[in-house]
Amino acid sequence: MKESISSRVRRIISGGIHQLIDAFENSAPEAVMESAILEVDGVIEDVRAELGKTLASKHMASKRLSEANHQHKELSTQIELAVRENREDLAEAAISRQLDIEAQIPVLESALGELNQKEKELEGFVRALRAKKREMKQELRQFRQCQAKSEVPASASPGENQGDDVQARLSRAESAFDRVLEKQTGLPGESTDLKTAAQLTELEKLVRKNRIQERLAAARTRMTDKV
C-alpha cells in the first residue's frame, strides 16, 4: 500500500541522519545521507502538489456553499410570491428544492472545514520539511569534515544481496518514522427485502410531503401576518 504524505513527512521529521549511519554502517554512509536529503526534496514537492489540489478543492467547495446559500435565499422570496399569487403548486416546488439545498449545506460546510484544516497541515509540513532539510545538510557537512580529519579507510565491499537488503531496511526505518496510514472506513450494508424497501421509500415520500406542507403553512402564516 502506498505510503501517505503525512506518514512520509512524520517519518522524516522524527528521524535523524545518525540513525541512518548506525543502521547502515557497512554501506556508504555519505551516499545514504545524500539519498535521505533527496527524499526530503521529493516529499516537499509531493506536499506542495497536494496543497495545490487542496486549495483548488477548497475554492470549489466555498463557491458551491455560497451558491447554495444564495439560491436558498432566493427561493424564500419566490415562495412568498407564489403564495401571494395563490400558486401553491409553485410554492411547493420551491420548498422541495429548499429541502434539497438544506440537506447539502451541512455537508459542504463540513467539507470546507476539513479542507481548511488540511491546508494548514500541509503548509506546516512544508515548513517542517524545509527546516529538516537544512538540519540534514548541516549534519552532512559535519560528517564530511569528520571524515576528512579522521581519514577513515573505505569499508569492505558488501555481499551480493546486501544492497537489496539495505534498500529494504532503508524503506522501513530510514528516519525512524511511525507509519500512519490514511484513515479508511467501511460499514457493512444491511440487507432489506423488496417489500420493506418499498415501504421505506413510501414512508420517506410521505415524510417529505408533510414537511413541504408544514413549510407551506408557515409561509401562509407569514403572509397573513404581513397583511
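Readers should treat all values here as calculations from the given coordinates under stated rules, not as data from a laboratory. Quick caveat: nothing in here was measured; it's all calculated off a predicted structure. Glycine gets a Cβ as well: all are built from the backbone with ideal geometry, and neighbour counts include every protein chain shown.
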Equivalent ellipsoid, the stretch 59-154 (semi-axes from 5 times Cα gyration tensor eigenvalues, Å)
65, 9, 6
What list of ³J(HN,Hα) couplings, whole Hz, do you get for the stretch 208-223 from phi and the Karplus terms 6.51, -1.76, 1.60, once you set θ to phi - 60° and write x for glycine and proline?
5, 4, 5, 5, 5, 5, 5, 5, 5, 5, 5, 5, 4, 4, 4, 5
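Quick check on packing: order 214-221, 132-139 by the mean number of other C-beta atoms within 10 Å, highest mean leading.
On the way: 214-221: 14.2, 132-139: 16.6.
Those peptides, ordered most packed to least, come out 132-139, 214-221.
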So between residue 105 and residue 57, what do we pick up on full extension, going 0.36 nm a residue minus the alpha carbon distance?
15.7 nm
Can you give me the long-range amide H partners of residue 4? Hydrogens built in the peptide plane at 1.01 Å from N, cutoff under 5 Å, separation of 5 or more residues or another chain.
182
Any chance you could run the full-extension gain for residue 128 through residue 148? It's 0.36 nm times the residue separation minus the Cα-Cα distance, nm to one decimal.
4.2 nm
Please give, to one decimal in nm, the separation of the simple spin-label points placed at residue 69 and residue 34, each 7 Å out from Cα toward the Cβ.
5.5
Can you compute 3J(HN,Hα) from phi for each residue in the stretch 122-139, using the Karplus curve 6.51 cos²θ - 1.76 cosθ + 1.60 with θ = phi - 60°, rounded to whole Hz and x for Gly and Pro?
5, 4, x, 4, 4, 4, 5, 5, 5, 5, 5, 4, 4, 5, 5, 5, 5, 5
Please report the projected area of the stretch 43-110's Cα convex hull averaged over all directions, in nm².
4.8
